[in-house]
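Report on the following structure.
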């Protein structure tokens, strides 16, 4: 009986790993087929699974399978390792004033607003963007909003696309725009931070559950990229854009916008889904223009949402 169970386990491991190899191949066609873009997001999981099974078959002296799985593990690892390598400029010390931004997708059915309020009080960001705002959160934030008197929010109870920007600093302009064919709200603000002009964009992109929603999400990303590329001054984009750094559309956004991924040098930093950590992927992002140097970027604590917040510390580069 034990031998039979062992055989079943062996076949599950073998064919499961072969399927992960297939997913790896599919991930290189992310801009061709909708489902292939979905499988690009799980590079870390592919690397762990194939690395473990590769070593398992090495121990079992099944060398061809070991080479196959370790080879595919290395392929996936090659996409992950750049996130841990800092640019030379970012290693240099900077004595400029350090500012802090916070982003959180609160989750529309979340009622644990005090967790986010406590995080805001603890981190004391200079500005923050929140998405999926509900009435509980709006009421709960009354104690912190007076500290962020330059603010705007678009609120629809229990709607995924409620959004707000809250800043301590003077805003030359702060407004909501509705992007794409479905008119998804995004928040934009021109902040005066210590004499530096900073264009802030907050965007919650459509979840690409099918080809039509993939088109709508990419529409939003293209509009955000156009804004970022044409703004005067420095730019910071914060949002749940429902894609990972390994999607071809992510790379396309960076190229079109001219922005940098703030995760560079700080690791993968996955943020979703909190209810199933084995599938953690990084879909909550901060992008910055060249004149902004990231001092620290980290994932925040659980706030009762299906997403974890992110905190970014940055300075303005000297001209």
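Any read-out appearing in this document is the output of simple, stated calculations on the displayed coordinates, not a laboratory observation. Note that the coordinates shown come from a computational prediction; the quantities given were computed from them, not determined experimentally. Cβ atoms come from the backbone with ideal geometry, glycine included; neighbour counts cover every protein chain shown.
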Students often get this wrong: which residues of segment 196-214 have the backbone nitrogen under 20 Å from the point 7 angstrom along Cα-to-C-beta of residue 178?
202-207, 213
By DSSP, what percent of the beta bridges with both residues in the chain are antiparallel, rounded to the nearest 5?
80
Kindly express, to the nearest 10 degrees and within the range 0 to 90, the angle between helix 248-257's C-alpha long axis and the longest C-alpha principal axis of the chain.
30
Two-site FRET efficiency, residue 212 against residue 112, from Cβ-Cβ distance with R₀ of 30 Å, rounded to 0.05
0.35
Considering just Cα atoms, how many Å³ per residue does the convex hull of segment 19-178 enclose?
216
Considering only 124, 105, 196, give the residue with the highest GNM mean-square fluctuation for the chain, with springs between Cα atoms whenever their separation is below 10 Å.
196
Take the chain, connect every pair of alpha-carbon atoms lying under 10 Å apart with a spring to form a Gaussian network, then pick out the residue of 122, 86, 260 with the largest mean-square fluctuation.
122
By how many degrees, between 0 and 90 and to the nearest 10, does the Cα long axis of helix 211-230 differ from the longest principal axis of the chain?
50
Neighbouring Cβ atoms within 10 Å as the yardstick, rank 13, 39 fewest first.
13, 39
Asserting the computed 222 nm helical MRE of the chain (DSSP H runs at least 4 long, -39500 (n - 2.57) per run, divided by residue count, to nearest 500) equals -11500 deg cm²/dmol
Length gained, residue 155-residue 252, 0.36 nm per residue minus C-alpha separation, equals 31.9 nm
For segment 2-83, what mean projected area does the convex hull of the alpha carbons give, in nm²?
5.9
Compute the angle between helix 43-59 and the longest alpha-carbon principal axis of the chain, please, reported from 0 to 90 degrees and rounded to the nearest 10.
20
For the chain, how big is the tail of P(r) above 35 Å, as a whole percent of Cα pairs?
25
With no solvent and one point on each alpha carbon, what is the Debye value of log10 I(q)/I(0) for segment 228-279 at q = 0.15, 0.18 Å⁻¹?
-0.51, -0.71
With the chain treated as a Gaussian network of Cα nodes joined by springs under 10 Å, which of 40, 53, 244 yields the largest mean-square fluctuation?
53
